[in-house]
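The values are calculated or read from the model by the stated rules, or taken from the named source; none is laboratory data. Nothing here was measured: the structure is a model prediction, and the numbers come from that model. All Cβ positions, glycine included, derive from the backbone under ideal geometry; neighbour counts span all protein chains shown. The accessibility values were calculated without ligands, DNA or RNA, using every heavy atom of the protein model including side chains. Shrake-Rupley method; radii C 1.70, N 1.55, O 1.52, S 1.80 Å.
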Amino acid sequence: VLKSDIIAFFRVQNYKDFLNPPNFLRKKNLKMENINYLKGDILFSKCQTLVNPISCDGLMDSQLSKRFFVKYPDMLVKYKYYCDKKLLVPGNLWLYQGKVKRILNFPIKEAASNDVQIEVIEAGFKKFLNTYKEKHITSIAFPSISNPTLFDDGVNLKTMMETFLSDCDIPVEI
């Protein structure tokens, strides 16, 4: 195998990928004035609404979800109920009203045993964009997408988050 054949093969592969990128990569010239990247614990965010990444089967597999449910035990009971009744499915978001904060339970995969599913997250972002105003969400904090315990493909998820969240007219923390 010649080196030039290998280079030509990769050029063709990249060219095909370039012609058919995923939908969330097609948008250009993102306006990101509303997005702030912060370091720290999402549970201490000053945003009105915090995002809890969940699976749709009622099992917790991330430390962050466990911390949310420890802090909001009533939310855990409702989460289990909604999952048992199959009310939490990809594309459905559940907004829980705590005493001080609102928690947006955001499905990232169908089952805790699955890897994070891009199509599930994309469906969640679409639903969020279509409903955040009617739900009176005035600011929101998403967990860091660089955390490998939450997401496997940080680069694509970061791009997806920026693409969708730049369309919001509310402050966003990541």
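Summary table
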quantity: Estimated inter-spin distance, Asn34 and Lys85, nm [label 7 Å along Cα→Cβ]; calculated: 3.1 nm
quantity: Gap separating the Cα centres of the stretch 51-80 and the stretch 85-123, nearest whole Å; calculated: 10 Å
quantity: Rounded FRET efficiency, nearest 0.05, which uses the C-beta distance separating Lys66 from Glu119 and R0 of 22 Å; calculated: 0.30
quantity: Loop-resident sites, the stretch 27-76, for trypsin sites (Lys or Arg not before Pro), counting at most 15 other Cβ within 10 Å (DSSP); calculated: Lys27, Lys28, Lys31, Lys39, Lys46
quantity: Contour excess over end-to-end distance, with Cα ends at Leu129 and Val77 and 0.36 nm allotted per residue; calculated: 16.0 nm
quantity: Loop trypsin sites (Lys or Arg not before Pro), the stretch 82-117 (other Cβ atoms within 10 Å of the site Cβ: 13 or fewer; DSSP); calculated: Lys85, Lys86, Lys99
quantity: Ranking by accessible area, most exposed first, for Thr159, Thr49, Thr138 with a 1.4 Å probe; calculated: Thr138, Thr159, Thr49
quantity: Anisotropy class of the stretch 34-97 from Cα gyration tensor, a/c 1.5 cut; calculated: prolate
quantity: Inter-label distance for Ala111 and Leu95, nm, one decimal - labels placed 7 Å from Cα along Cα-to-Cβ; calculated: 3.2 nm
quantity: ³J(HN,Hα) computed for each position of the stretch 63-79 - Karplus, 6.51 cos²θ - 1.76 cosθ + 1.60, integer Hz, glycine/proline x; calculated: 4, 5, 4, 4, 5, 4, 6, 5, 6, 10, x, 5, 5, 4, 4, 5, 4
